[in-house]
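Presented below is the structure to which this report refers.
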Amino acid sequence: MNMNYEQAHEKFIAQHLASRTGERRGRLERGHGHAEKLFLQNVWWPLCGEFNDLHPEYEVLDLQRRAYFADFAFLPGPIKLLFEIKGYA
């Protein structure tokens, strides 16, 4: 079934919310804002047409072992890319 962007985005976020708890869930609820949505709609969706292997508000540890949340991580296998989207705020 081919979904339009709005349907696919809603499913994408719902799937990630359902699998998260605690701060990981809270970051997704609070952190997925206007700029991130524009990136997905205007860049990611036209290029890929799907959200497979993309993870919003992805937690990584910095060099001091502190948690850091990247806006998106693309994890298709051995390749790992982090995306940081900067809004106008």
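The values are calculated or read from the model by the stated rules, or taken from the named source; none is laboratory data. None of the values given here were measured: they were computed from a predicted structure. Glycine gets a Cβ as well: all are built from the backbone with ideal geometry, and neighbour counts include every protein chain shown. Heavy atoms of the whole protein, side chains included, go into the accessibility calculation; ligands, DNA and RNA do not. Shrake-Rupley method; radii C 1.70, N 1.55, O 1.52, S 1.80 Å.
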Worksheet item: Just checking, how many residues over the range 11-24 are without any contact (Cβ under 8 Å) to a residue 24 or more places away in the chain and within 12 Å of the chain's Cα centre (by Cα)?
Response: 3
Worksheet item: So which residues in the range 47-75 are in contact with a strand residue (DSSP E or B) (Cβ under 9 Å, 6 or more places away or on another chain), in contact (Cβ under 8 Å) with a residue 12 or more places away in the chain and not acidic (Asp, Glu), if there are any at all?
Response: LEU54, HIS55, PRO56, TYR58, VAL60, ALA67, PHE69, ALA70, PHE72, ALA73, PHE74, LEU75
Worksheet item: How many of the residues in the range 19-65 are of a type in the set (Phe, Trp, Tyr) and out of contact with any helix residue (DSSP H, G or I) (no Cβ under 7 Å at 6 or more places or on another chain)?
Response: 3
Discussion item. I'd like the residue in the range 55-83 that is of a type in the set (Lys, Arg) and farther than 19 Å from PHE39 by Cα and, out of all such residues, is most open to solvent (accessible area, probe 1.4 Å).
Written reply: ARG65
Worksheet, complete the sentence: Only one of (1) in contact (Cβ under 8 Å) with a residue 40 or more places away in the chain; (2) surrounded by fewer than 12 Cβ atoms within 10 Å (Cβ to Cβ); (3) among the hydroxyl-bearing types (Ser, Thr, Tyr) does not apply to TYR5, and that is (2)
Worksheet item: Of the numbered conditions (1) in a strand (DSSP E or B); (2) open to solvent by 50 Å² or more (accessible area, probe 1.4 Å), GLU23 satisfies every one except a single condition; which is it?
Response: (1)
